[in-house]
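Before we start, here is the structure in question, set down as C-alpha cells.
Read the figures in this text as sums done on the coordinates, not as results from a lab. Model, not experiment: these values are computed from the prediction. Please note: Cβ atoms are built from the backbone with ideal geometry, for glycine as well, and neighbour counts cover all protein chains shown.
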Amino acid sequence: MRTFRVMKTLFKRDFLYSLYSLGYYVAIFASFFVSSFILKNFLDSIGEEDILVSAYPLNYPLYITLVIISLYLVILSGISISREREQGTLEVLFYGPVTPGSFLWGKYLKDLCLGMVALGFTAVYFYLVSLFTNLGFTLGLVKALIMSVFLLSCVVSFGLFISSLTGRIRSSVLALVAILGAFLAIQLGYNALLGFEKESLSVPMLYVRQAMSYVFRGISWISPFAYLSRGLDSVVLENPFLYVVNIGYAVVYSLVFMFLSVYVMNKKGVKA
Amino acid sequence: MIQTVNLTKEFNGFKAVDNLNLRVEKGDIYGFLGPNGAGKTTTIMMILGLIPPTSGKVFLLGEELKPNNVEVKRRIGVVSENQYFYKEMTAEEYLTFFGELYEVPNVHRRIDELLEAVGLRNDRNKKLGAYSKGMQQKLAFARALLHDPELLILDEPVANLDPTSIKQIRDLIEEENRRGRTVFVSSHLLSEVERLCKKVAIINRGKLLAEDTMDNIKRRLTDTIHMEIELSANAESLSTSLSELPFVKGFTVEGNRLEVHLKTERDYRLDLSRFLYEKGFLVLTMKTKEMSLEEAFITITQQNISLLAQGEGNA
C-alpha cells in the first residue's frame with residue numbers, strides 16, 4: 001500500500017510538471033499540423049478524382065499523429081531516469097522510501113497518462129476534422145484510439161528501458177537515435193532487397209536478404225513502432241481476434257520491458 | 001544504530017573500503033573522518049544501500065540492510081555532500097513533496113517549524129534554482145529532519161556554510177541529538193567534528209585506523225601528558241622530589257609555574273595534586289595541554305597508525 005502511495009506522489013509531481021511544459025503541446029500541435037497537411041492533400045486528390053478509395057480515410061493521418069506523439073514520448077521516457085541520475089535527484093529519492101520499482105512505475109504511469117491526454121486531444125481533433133470534411137468519425141477510429149493506449153504503453157516502457165541503461169541525458173538520446181535509426185535502416189534495407197526479383201540477386205545477396213529477413217522478424221518484436229503498425233493494421237483488417245491479440249502483445253511487451261528496467265536499475269544504481 | 005561487519009567494496013580490483021567494522025550506538029554523535037579518497041562516501045553509500053558491498057554486512061537500526069528495505073530507510077534522514085534539487089520547485093513545494101513521500105503528518109506545520117529552524121522561512125516561495133549553496137544545504141537539512149528520523153547521516157553537512165550558518169546547523173544537530181536522535185557525521189572540518197562528536201572513527205585508504213572517544217584517541221597517540229600548573233609559591237624547591245615520582249617523566253620549573261610531563265597509563269592528576277599539597281603548595285590552576293583532533297588526525301593518517309586492538313576494526 002505504501003509503495004502505491006510513493007508511486008502516486010512521484011507520478012503527481014512528474015505529471016503536473018510535464019503537463020505544464022511547452023514541449024508537450026508543441027509535439028501535439030506538430031502532429032496535428034502534419035496530419036492536417038496529409039488530410040489536405042488527401043481531400044485535394046478526392047476533389048480532383050471525385051472518388052474516395054479508402055474505407056478508413058482518417059487512419060493514415062491518425063497513424064502519423066501517433067508516430068509523432070510516440071517519438072515525443074519515447075524521448076521523454078528515454079531521458080526521464082538518466083536526467084534524474086545526472087542531476088543527482090534520483091540519489092536523494094533513494095535515501096528514502098523510493099525503490100527502483102516504485103520509481104519506474106511512477107514514471108511509466110506519468111508518461112502513459114501524458115500519452116492518454118494527447119490521445120484525448122487527438123480524438124477531439126479528428127472529431128472536428130470529421131465534422132468539417134464529412135469523412136466520418138467511424139467505430140474503426142475509436143478502436144484505433146483505444147488500441148493506441150496500449151501501443152503508447154510499448155513506446156513508454158521501451159523508452160524507460162533505454163533510460164535505465166544510461167547515466168546521462170545525452171547518452172540516452174544518442175542510444176535512442178542509434179537504436180531507432182538501426183531499426184529503420186534494417187527495415188528500409190530489407191524492403192529494398194525485397195524489391196529485387198529473386199533471380200536477379202547473386203548468391204551472397206540472397207544470403208544477405210535471408211539474414212535480413214530474420215533480423216527484421218526479430219526487430220518486429222523489439223521495436224515499439226512495429227507494434228504500432230501491427231496494432232493499427234488489426235483495426236483495418238476488422239479482425240477482433242487479431243485486435244485482442246495485439247493488445248495482449250502490447251501488454252506483455254510493456255511488462256517485459258518494465259521488469260527489465262527495474263532489474264537494470266537495481267543493478268546499475270543511482271549514480272550517473 | 002549502525003553496524004558494519006567486514007564491509008568491503010572493490011572497484012576493478014581496487015579496495016575502496018577494506019573490511020570495515022563500525023559501531024554507532026544509539027544517542028551518539030559519531031564523527032567519521034578520513035582524508036580525500038579514504039572511502040568515506042563509498043561507506044556511506046553502502047550504509048544507505050545505494051551501492052552493494054562486495055562483501056560484508058550493514059545493520060541499520062538493528063536490522064540487516066537488504067536491497068530496497070524502505071521501512072528502515074523511512075527512519076533515517078540524510079544530508080549528502082552535494083545538494084541535488086528540483087530547481088523548478090520552491091522550498092515549500094519541495095518539502096511538501098518529500099512530506100508526502102514520507103507520509104509526514106501535519107506536514108505544513110512541520111515545514112513551518114523546520115524552515116524557521118534553518119532560517120529559510122522568508123525564502124520558502126523562492127525557486128530552488130535561485131538558492132545559494134548555503135541555502136541549499138540548509139534546505140537539505142530541513143528535508144532530512146522532515147519525517148523526524150531516528151538516525152541522521154550527514155556527509156559534510158557544513159561544507160558550504162558561512163560561520164553564522166555553521167553555528168545554526170551545529171546548534172540544530174546538538175538539539176536533535178538532545179532529543180535522542182543518533183547522528184553520524186562525515187566531515188573534513190575537524191574543528192566542527194571536535195566540537196560536536198563524542199566518538200570518532202578515522203579511516204584511511206579504506207581501512208579503519210581508529211574508533212574511540214576523542215579523549216582516548218588523543219591519549220593513545222601520545223606517551224606523555226603535558227600538565228601546566230600554577231602554584232601559590234615559587235616551586236624551585238620541588239625539583240629534587242618531583243624527579244623521584246614514578247609517574248613523572250620530566251618537568252620544568254619557572255617561578256611559580258610548573259610544566260610536568262606525566263606517563264599515560266592512567267590519570268595522575270590526583271596523585272600530583274596530593275603530592276604538591278603535601279609539600280605545602282596550593283594549586284591555583286592545572287591545565288592539560290591536549291593534542292588537538294587535527295594533530296591526532298594528521299598523525300594517524302599520515303603515518304597510517306592503527307589504534308585498533310588486534311582483530312578489532314579491520315579483520
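Could you tell me how many degrees, from 0 to 90 and to the nearest 10, lie between the Cα long axis of helix A:224-236 and the main elongation axis, the longest principal axis, of the Cα atoms of chain A?
For helix A:224-236, the angle is close to 40 degrees.
Residues in the stretch B:234-252 near a label at B:R266, defined as backbone nitrogen under 13 Å from the 7 Å Cα→Cβ point?
So the set is B:247.
What aspartates and glutamates sit close enough to A:K107 to cross-link, taking a C-alpha to C-alpha distance under 14 Å and skipping anything fewer than 8 places away on the same chain?
The qualifying aspartates and glutamates are A:D14, A:E84.
Okay, moving on. Just B:E254, B:E113, B:E100 to compare: in a GNM of chain B, with alpha carbon springs under 10 Å, which one fluctuates most?
Largest GNM mean-square fluctuation: B:E254.
I'd like the orientation of helix A:169-194 relative to chain A: the angle between its Cα long axis and the longest Cα principal axis, in ° from 0 to 90, rounded to 10.
30
Highest GNM mean-square fluctuation, chain A, Cα pairs closer than 10 Å: which of A:F33, A:F11, A:F150?
Highest fluctuation of the listed residues: A:F33.
A further question follows. Mean separation of Cα pairs under 8 Å and 6+ residues apart, divided by the residue count of the stretch B:223-289: what relative contact order is that in percent?
Over the stretch B:223-289, the number comes to 47 percent.
Cβ under 10 Å from B:V58's Cβ, B:V58 left aside: what net charge do those residues give with Lys, Arg +1 and Asp, Glu -1? Walk me through the intermediate numbers first.
On the way: positive: B:K57, B:K66; negative: B:E63, B:E64.
So the environment of B:V58 carries a net charge of 0.
Scan the stretch B:178-262 for trypsin sites (Lys or Arg not before Pro) in coil per DSSP, keeping those whose Cβ has at most 12 other Cβ atoms within 10 Å, and list them by number. If you can, show how the numbers build up before the last one.
On the way: sites: B:R178, B:R179, B:R181, B:R195, B:K198, B:K199, B:R205, B:K207, B:K218, B:R219, B:R220, B:K249, B:R257; in loops: B:R179, B:R181, B:K198, B:R205.
When the trypsin sites (Lys or Arg not before Pro) of the stretch B:178-262 are filtered for loop state and at most 12 Cβ neighbours within 10 Å, B:R179 remain.
Projecting each Cα onto the charge dipole of the protein assembly as shown (Lys/Arg +1, Asp/Glu -1 at the beta carbon, about the Cα centre), which of A:L119, B:I44, B:A117 comes out farthest on the positive side?
Going by the Cα projections, it comes out as A:L119.
Separate question: Which value, in debye to the nearest 20, describes the size of the charge dipole of the stretch A:198-272 about its Cα centre when Lys and Arg Cβ atoms bear +1, Asp and Glu Cβ atoms bear -1, and nothing else is charged?
My answer is approximately 460 debye.
Mean-square fluctuation check for chain A, GNM, Cα pairs under 10 Å: which of A:F29, A:F132, A:F15 is largest?
A:F132
Let me ask you something else. Could you tell me the relative contact order of chain A? Use alpha-carbon pairs under 8 Å, at least six residues apart, and round to a whole percent.
Numbers: 274 pairs, mean separation 75.4, N = 272.
Contact order relative to length: 28 percent.
If you don't mind, another one. Roughly speaking, what is the stretch gain from A:E48 to A:L128, that is 0.36 nm per residue apart minus the C-alpha to C-alpha distance, in nm to one decimal?
Gain on extension, A:E48 to A:L128, equals 26.5 nm.
Additional query: What does the extension gain come out to for B:N122 and B:T252, with contour length at 0.36 nm per residue minus their alpha carbon separation? Let's see the in-between values first.
Values: separation 130, 0.36 × 130 = 46.80 nm, distance 5.86 nm.
Result: 40.9 nm gained on full extension.
Further question on the same structure: Would you mind checking the tilt of helix B:163-178 against the longest principal axis of the Cα atoms of chain B, expressed as 0 to 90 degrees and rounded to 10?
That works out to roughly 90 degrees.
Mind checking which of A:S102, A:I46, A:V236 is farthest towards the positive end of chain A's charge dipole, using Cβ charges of +1 (Lys, Arg) and -1 (Asp, Glu) about the Cα centre?
Checked the options; the winner is A:S102.
Once phi is turned into θ = phi - 60°, what whole-Hz ³J(HN,Hα) does the Karplus curve with 6.51, -1.76 and 1.60 give for every residue of the stretch B:18-35, x standing for Gly and Pro?
The phi angles translate into 10, 6, 8, 10, 10, 9, 10, 8, 4, x, 6, 10, 10, x, 10, 10, x, x Hz.
Roughly how big is the protein assembly as shown's charge dipole about its Cα centre, with Cβ charges of +1 (Lys, Arg) and -1 (Asp, Glu), in debye to the nearest 20?
660
Okay, moving on. When only C-alpha pairs under 8 Å and at least 6 residues apart count, what is the relative contact order of chain B, in percent?
21
Report the one residue of A:L66, A:I222, A:T3 whose Cα lies farthest in the direction of the positive end of the charge dipole of the stretch A:2-268 (charges on C-beta: Lys and Arg +1, Asp and Glu -1; origin at the Cα centre).
Among A:L66, A:I222, A:T3, the one farthest towards the positive end of the dipole of the stretch A:2-268 is A:T3.
Would you please name the GluC sites (Glu not before Pro) within the stretch A:146-246 that are DSSP coil residues with at most 16 other C-beta atoms within 10 Å of their C-beta? List each step's numbers first, then the result.
On the way: sites: A:E197, A:E199, A:E238; in loops: A:E197, A:E238.
Here the GluC sites (Glu not before Pro) that fit, given the DSSP loop and packing criteria, are A:E197, A:E238.
Report the charge-dipole magnitude of the stretch B:223-289 in Debye, nearest 20, computed about the Cα centre from +1 at each Lys and Arg Cβ and -1 at each Asp and Glu Cβ.
Details: 9 positive and 11 negative charges, 27 e Å.
Result for the stretch B:223-289 is approximately 120 debye, rounded to the nearest 20.
With r defined as the distance between the Cβ atoms of B:R75 and B:R170 and R0 fixed at 22 Å, what FRET efficiency is calculated, to the nearest 0.05? Intermediate results must be reported in sequence, preceding the final value.
On the way: r = 23 Å, r/R0 = 1.06.
E between B:R75 and B:R170, to the nearest 0.05, is 0.40.
Among B:K73/B:K127; A:K8/A:K143; A:K268/B:K66; A:K271/B:K198; B:K15/B:K66, which pairs are too far apart, with a Cα-Cα distance over 25 Å? Write out the running numbers ahead of the final one.
Details: B:K73/B:K127 28 Å; A:K8/A:K143 29 Å; A:K268/B:K66 16 Å; A:K271/B:K198 32 Å; B:K15/B:K66 22 Å.
Table pairs above 25 Å Cα-Cα are B:K73/B:K127; A:K8/A:K143; A:K271/B:K198.
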